[in-house]
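Below is one structure, written out as structure tokens, with a few remarks after it.
The values are calculated or read from the model by the stated rules, or taken from the named source; none is laboratory data. Keep in mind it's a predicted model, so treat the numbers as computed, not measured. Here the Cβ is made from the backbone with ideal geometry for all residues, glycine too, and neighbour counts use every protein chain on show. Heavy atoms of the whole protein, side chains included, go into the accessibility calculation; ligands, DNA and RNA do not. Shrake-Rupley method; radii C 1.70, N 1.55, O 1.52, S 1.80 Å.
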Amino acid sequence: MKNNRFKFMFLLLLCSILIIPSFVGVRQANAASTVTMKVNAESLNMRSGPSTNYKVVKVLKMGSKVTKISTKGTWTKVKSSSTTGWISSKYVVKVSTTATSSTTKKAVATVSNLNIRSGAGTSYKSLGKLSKGTSGTVLAEKNSWVKIKTSKYTGWVSKSYVSITTKKSTSTSSSNGSTVKPAATSTANVGKYFTVKVDSLNVRKSSSASSTKLAVIKKNSSYKILAQSSNNWVKITYATGKTGWVSASTSYGKITKTKPTTSSSNGNSNTGTVVPSTDIGKYFTITADSLNVRKSASATSTKLDTVKYGSSFKILDKSSNNWIKITYATGKTGWVSGSYGKITKSKPTKPVSNDGTNTSDGSLSGKVIVVDAGHGGSDSGAVANGVLEKDLNLQVALALRSKLQAAGAIVKMTRTTDIFPTLYDRVSFSNMMKPDAFISLHHDSATASARGFTVLYTKGKDSTLASYIKQGMSNSLPNMVNRGHKYQNLYVLRENPQIGVLVELGFITNLQEVQTLKTATFRNSAANGITNGLINYFK
Ligand SMILES: [Zn+2]
């Protein structure tokens, strides 16, 4: 029984395979939709295949437009000028979809009681009759017969008794892929520009004041109108790849044929500062190996610093072109491209790997460590034997950052360049980061004969960590004098509720020791010792 049914199904399938190709399909798209995408990364490798194993065929710059061909997994095949290749889908945003039009043919009965038959010939049986003036959608044509579909029947009618009309239907996709309903919109202002007249205007999910608020756009910023609703709201792209609706009431803005060229009153470019209310206060974690921090929200703006993979920052602001404002060092703010990180509601407790999953290896995995390079800028710290303490402190701090990150820690630096955060700034920064440990790095000065490293603590609860770090350093620096861990009343530890220590790495006043302190070997060994001390402390 089962077997017979399968044989029957198989025969049916075989028949349809043999029959279908002899018909000519009529309903077909006469214009394939073309999706244009924009590169949203400072530079993006275009490869010969859909993985990083394939060779780079072209490097695309931020903002370059490409045409989408297909997708495979997280990769998109695109065409850029004459080059075709694959790019990671993460770094492109859709900017537009051209109208897709399809042709629909209709067959209208020109006679009464027109037979709809089961096949293309009068020998086939009649399934029903079509009255004069009624129509069906043409599915296929064969010789002098057309296959049509009506609400009741699907069958064949003679071409002699129908008139065939062609109707073009066009659907236009907006940039976020939603279809604009022509009935509810007016096209009169589409393509024109809307300029905000009020200090700030809410961008909403749909054309209604009660709809979800997505962002706020600022006075004098202008946006191309993508669509307009019957209740006078306009659809705009308020940030790269993000569209929303704003009220186009004349009390809130002005519609002009061309983009106004006057600069905004707040000195920003007329694309405006967009504050997506949803991301401010959230956390941005870097997923690139290192990311440039710039003065303003642009890849061409002055580079201030770099931030490393896995570090997280509170989002202070977000620009319309998806750049994020962060505090990258004590009292210092700058902008990073939002394309190279992940936004999370709360501060990640574990480093985020490139594919967005938490890494579980690394013995300091998820630990947040503030590394404080003492002095800096106008404050040199101790000066002896041609060496400025601030420079050595920073070099060790940078080496320590690498070692800690390699062990899985999330490292926050009070400074990464030659700047001077005050002691108050350093403590405030630590309070903001709420680290698992605060490590301040200094070099000592005293008489020419004094030598060795010392680990200092102030609060009673800091002494255990001080002891572990002393032990770690003693192991990694066997030739250095171990001066032990000691209590000292230090502002950066006393005013800091977090567990912390201050490491005096060695004496720059000792002519022999300073030669060692200047070497990369010493810095790396000291960084290893401190890292191992932390690993053992957190075990
Ligand atoms: Zn110092």
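Can you name the number of the only condition in (1) open to solvent by 20 Å² or more (accessible area, probe 1.4 Å); (2) away from the ligand (no atom under 16 Å from the Cβ) that Gly484 fails?
(1)
Going through Val26, Val66, Val35 one at a time, which residue ends up being open to solvent by less than 100 Å² (accessible area, probe 1.4 Å), at pLDDT 50 or above and under 30 Å from Val138 (Cβ atoms)?
Going through Val26, Val66, Val35 in turn, just one is open to solvent by less than 100 Å² (accessible area, probe 1.4 Å), at pLDDT 50 or above and under 30 Å from Val138 (Cβ atoms): Val35.
Checking Pro497 against (1) within 16 Å of the ligand (Cβ to nearest atom); (2) surrounded by fewer than 19 Cβ atoms within 10 Å (Cβ to Cβ), which single condition isn't satisfied?
Checking Pro497 against (1) within 16 Å of the ligand (Cβ to nearest atom); (2) surrounded by fewer than 19 Cβ atoms within 10 Å (Cβ to Cβ), the one that fails is (1).
Here are some residues: Ala450, Ala520. Which one is under 30 Å from Thr287 (Cβ atoms) and open to solvent by less than 60 Å² (accessible area, probe 1.4 Å)?
None of the others qualify; the one that does is Ala520.
Return yes when Pro478 is in contact (Cβ under 8 Å) with a residue 24 or more places away in the chain, open to solvent by 40 Å² or more (accessible area, probe 1.4 Å) and farther than 18 Å from Gly374 by Cβ and no when it is not.
no
State whether one or more residues within region 506-515 are open to solvent by 20 Å² or more (accessible area, probe 1.4 Å), under 24 Å from Asp391 (Cβ atoms), away from the ligand (no atom under 15 Å from the Cβ) and in a loop (DSSP other than H, G, I, E, B).
The answer is no; no qualifying residue exists.
Could you list, in sequence order, the residues of region 425-448 that are within 16 Å of the ligand (Cβ to nearest atom) and either under 22 Å from Asn385 (Cβ atoms) or of a type in the set (Phe, Trp, Tyr) (or both)?
Scanning region 425-448 gives Phe438, Leu441, His442, His443, Asp444, Ser445, Ala446.
For region 377-392, enumerate the residues that are polar (S, T, N, Q) and either near the ligand (Cβ under 10 Å from one of its atoms) or open to solvent by less than 20 Å² (accessible area, probe 1.4 Å) (or both).
Ser380
Search region 393-421 for residues being within 14 Å of the ligand (Cβ to nearest atom) and more than 19 Å from Thr521 (Cβ to Cβ), and hand back the single one that is surrounded by the fewest Cβ atoms within 10 Å (Cβ to Cβ).
Phe420
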